[in-house]
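Trainee: Quick one: the structure is below, and I'll ask about it shortly.
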Amino acid sequence: MSELFCAGCGVKIQTTEPNELGYAPSSALQHEPVVCQRCFRLTHYNEIQDVSLNGDDFLNMLSRIAEKDALVVYLVDLFDIAGSWVTGLQRFVGHNPVLLVGNKHDLFPKSTNPNKLTSWMRRSAHEQGLKPVDVLLMSAGKNHGLDEVASNIDYYRNGRDVYVVGATNVGKSTFINHLIQNLGSGDSAITTSRFPGTTLDFIEIPLDDGCSLYDTPGVVNDHQVAHFVDARDYKNVMPAKEVKPKVYQLNENQTLFLGGIARIDYIAPGRRSLIVYCAGSLPIHRTKTEQADDLYERQFGHLLAPPSEGTELPAMTRYDFRTDDFDSDVVFSGLGWITIKGKGARVSAYAPKGIGVSLRESVIKG
């Protein structure tokens, strides 16, 4: 069979990998024109399906945005902001204004002060060299705050095109689907903006005022937990509803396991509180540190699960921290975090090699 290319976005058609770019069921090849499943769903259902790029391809695309006069809407996952950052974003989008939008606000406890969240996001952005024109919170999955975000996008774009960028797993597809309805996409067919030097095309969605909304593929951040566990364990690893903090009083030389994916040893000094923020279905197990290695060896995939039995993970890497802030978070990228109460705590955190582990000032204080 000769090669076929999607009439909507220009990518090569393939019929074997439903989750990969360019997929179309074999029956679709009998129709003219041939379009991939992603474009078909955009045309008929106003749905955007996510696709992904490697980091180099994604950044090549972003560098092309710098040549445009547009608003860049940068979507991050509030629950995994460390795993959502695209390093050097401001450099790649040039002088175009960036509107920073934090998604999955609904996962935070209802008592969380939204103003403190936006201030924290702004500080984090500045640490990344990013100077957003505004910072907004929303929940695309729960349809909270999307109308306000759409209104701000219309204000800040000031009659210009809009490019929506972000990493995978931040909820970009749901967000764009809402924008299509809110900003208006007319009845135009899908068109393509093919940028040289890239392996994929942006998807251009015409707006009612003659401008366009561009969907960009999500960059893959390999240090997120989602890339290490089997799909059957997602529901136990990624929270889908408000996270309820779990408080543990630990003595010196006690250990908490987050399933079999992460571990934290509280070394000293004294007795103090550790608060776990992660999916409610992720089991937490406490033990003496002197018994932790043996327990992990014997119970990985059983008592210490997820991951499910038979899953192979890289060997655990150790990270030693001493807390300088009164409350500090030890963050496991894509999994959640553990708040260490009080200054001067000495802890060791463990995660499979490749998963991001970091220390930050606590996001939720009290």
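The values are calculated or read from the model by the stated rules, or taken from the named source; none is laboratory data. Predicted model only: the values in this text are computed from it and were never measured. A quick note on method: Cβ atoms are made from the backbone with ideal geometry, for glycine too, and the neighbour counts reach across all protein chains shown. With ligands, DNA and RNA removed, areas are computed over all heavy atoms of the protein, side chains included. Shrake-Rupley method; radii C 1.70, N 1.55, O 1.52, S 1.80 Å.
Trainee: Which condition breaks for His302 when tested against (1) within 23 Å of the chain's Cα centre (by Cα); (2) more than 21 Å from Pro245 (Cβ to Cβ)?
Mentor: (1)
Trainee: Oh, and also: Take Ala262 and tell me if it is of a type in the set (Gly, Ala, Ser), closer than 18 Å to Tyr296 by Cβ and within 26 Å of the chain's Cα centre (by Cα).
Mentor: In short, yes.
Trainee: For the range 312-366, how many residues are polar (S, T, N, Q) and either in a strand (DSSP E or B) or without any contact (Cβ under 8 Å) to a residue 12 or more places away in the chain (or both)?
Mentor: Qualifying residue count, the range 312-366: 5.
Trainee: Shifting gears a bit: So which of Arg346, Arg272 is out of contact with any Gly (no Cβ under 6 Å at 6 or more places or on another chain), among the basic types (Lys, Arg) and at pLDDT 95 or above?
Mentor: Only one candidate passes the filter, namely Arg346.
Trainee: Being assigned to a loop (DSSP other than H, G, I, E, B) and either surrounded by 22 or more Cβ atoms within 10 Å (Cβ to Cβ) or within 21 Å of the chain's Cα centre (by Cα) (or both) is the filter here; which residues of the range 246-259 pass it?
Mentor: Listed by number, the list holds a single entry, Gly259.
Trainee: Something else about it: Scan the range 75-116 for residues that are among the aliphatic types (A, V, I, L, M), open to solvent by less than 30 Å² (accessible area, probe 1.4 Å) and under 21 Å from Val330 (Cα atoms) and jot them down.
Mentor: Val76, Leu78, Ile81, Val86, Leu107
Trainee: Moving on to the next point. Pairs, please: C-beta under 9 Å, at least 6 apart or cross-chain, first residue open to solvent by 70 Å² or more (accessible area, probe 1.4 Å) and outside any loop (DSSP other than H, G, I, E, B) and in the range 222-233, second at pLDDT below 75 and not aliphatic (A, V, I, L, M)?
Mentor: Close Cβ pairs (under 9 Å, with a partner that is at pLDDT below 75 and not aliphatic (A, V, I, L, M)) amount to His227/Asn221.
Trainee: Continuing with this model, one more query. Can you tell me which of (1) assigned to a strand (DSSP E or B); (2) open to solvent by less than 10 Å² (accessible area, probe 1.4 Å); (3) of a type in the set (Val, Ile, Thr); (4) touching a residue at least 40 places away in the same chain (Cβ under 8 Å) is the one Ile267 doesn't meet?
Mentor: Status for Ile267: all satisfied but (2).
Trainee: Okay, next question. Please work out if Arg298 is in a helix (DSSP H, G or I), open to solvent by 50 Å² or more (accessible area, probe 1.4 Å), of a type outside the set (Asp, Glu) and modelled with pLDDT of 95 or more.
Mentor: Yes: the conditions hold for Arg298.
Trainee: I'm checking my understanding of the structure. Among residues of the range 133-157 that are farther than 19 Å from Gly88 by Cα and either among the β-branched types (Val, Ile, Thr) or free of Cβ contacts under 8 Å to residues at least 24 places away in the same chain (or both), which one is surrounded by the most Cβ atoms within 10 Å (Cβ to Cβ)?
Mentor: Val149
Trainee: Shifting gears a bit: Answer with yes or no whether Arg271 is of a type in the set (Lys, Arg) and closer than 28 Å to Lys241 by Cα.
Mentor: Criteria not met by Arg271.
Trainee: What is the residue count in the range 310-330 for residues that are buried (at least 17 other Cβ atoms within 10 Å of the Cβ) and among the small types (Gly, Ala, Ser)?
Mentor: So the count comes out to 1.
Trainee: Count, please, the residues in the range 136-171 that happen to be more than 21 Å from Ala66 (Cα to Cα) and within 17 Å of the chain's Cα centre (by Cα).
Mentor: The qualifying residues number 11.
Trainee: Restricting attention to the range 332-343, does a residue exist that is among the small types (Gly, Ala, Ser), touching a Phe, Trp or Tyr at 6+ places or on another chain (Cβ under 9 Å) and surrounded by 17 or more Cβ atoms within 10 Å (Cβ to Cβ)?
Mentor: yes
Trainee: Here's a follow-up. Of these, Val98, Val34, Val86, which one is modelled with pLDDT of 85 or more and touching a strand residue (DSSP E or B) at 6+ places or on another chain (Cβ under 6 Å)?
Mentor: Val98
Trainee: Exactly one of (1) within 20 Å of the chain's Cα centre (by Cα); (2) open to solvent by 60 Å² or more (accessible area, probe 1.4 Å) is unmet by Leu130. Its number?
Mentor: Unmet condition: (2).
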